[in-house]
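Everything below concerns the one structure shown next.
The values are calculated or read from the model by the stated rules, or taken from the named source; none is laboratory data. Everything quoted here is computed from the prediction, not taken from an experiment. Here the Cβ positions follow ideal geometry from the backbone for every residue, glycine too, while neighbour counts run over all protein chains shown. In case anyone asks, the SASA skips ligands and DNA or RNA and just uses the protein heavy atoms, side chains included. Shrake-Rupley method; radii C 1.70, N 1.55, O 1.52, S 1.80 Å.
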Amino acid sequence: MNLREKIKSMDMNFFISGKHKITAEKFLELWSGGEAILLDIRLKEETEIVPPMKLGINIPINELPDRLNEIPKDKLVVTACQKEVRGTIAYMYLLSEGFENVRVLSGGLDNLFVLMKPKMILKIKSRS
């Protein structure tokens with residue numbers, strides 16, 4: 001489905017369903033099972049201050065068009081930025097480029113940071 005068709009399909013039911021988003025808790029559950037990857041699309045200036053999490057890959061949004069080959073197509077790709085705005089832009093772009101299994105991290109990285117308790121940090125470190 002091209003971007004035009006995707007946008008035309010976004011009626012009230014689409015937004016009410018929330019199928020384009022995923023909670024931080026659900027993402028971590030799928031990530032733990034090897035089914036999902038985080039696509040952190042924050043810019044280099046941002047990741048110099050708060051480094052990317054070891055839950056996926058960092059591709060700044062302005063580099064996304066040139067680095068699509070780095071994104072796995074065999075896992076759920078969860079786009080994320082500090083809140084949700086750029087994550088949603090990346091979501092739409094990936095859909096337009098043929099990625100079918102994509103979601104936006106609901107609430108952005110802020111919601112994921114809240115879950116980073118010692119037990120989760122150890123789990124992440126053990127997979128690195």
Which pairs do you get when a residue that is assigned to a helix (DSSP H, G or I), found in segment 111-122, comes within reach of a residue that is surrounded by 10 or more Cβ atoms within 10 Å (Cβ to Cβ) and of a type outside the set (Val, Ile, Thr), reach meaning Cβ atoms under 6 angstrom, with the pair 6+ apart or on two chains?
-> Asn111/Ala24; Leu112/Ala24
Only residues that are open to solvent by less than 50 Å² (accessible area, probe 1.4 Å), touching a His at 6+ places or on another chain (Cβ under 8 Å) and either of a type outside the set (A, V, I, L, M, F, W, C) or modelled with pLDDT under 90 (or both): list them for segment 89-124, please.
-> Tyr91
Is it fair to say Phe15 is open to solvent by 30 Å² or more (accessible area, probe 1.4 Å) and aromatic (Phe, Trp, Tyr)?
-> yes
In segment 75-88, what residues are open to solvent by 10 Å² or more (accessible area, probe 1.4 Å) and at pLDDT 95 or above?
-> Lys75, Leu76
Any residue at all in segment 69-81 that is part of a helix (DSSP H, G or I) and without any contact (Cβ under 8 Å) to a residue 24 or more places away in the chain?
-> yes
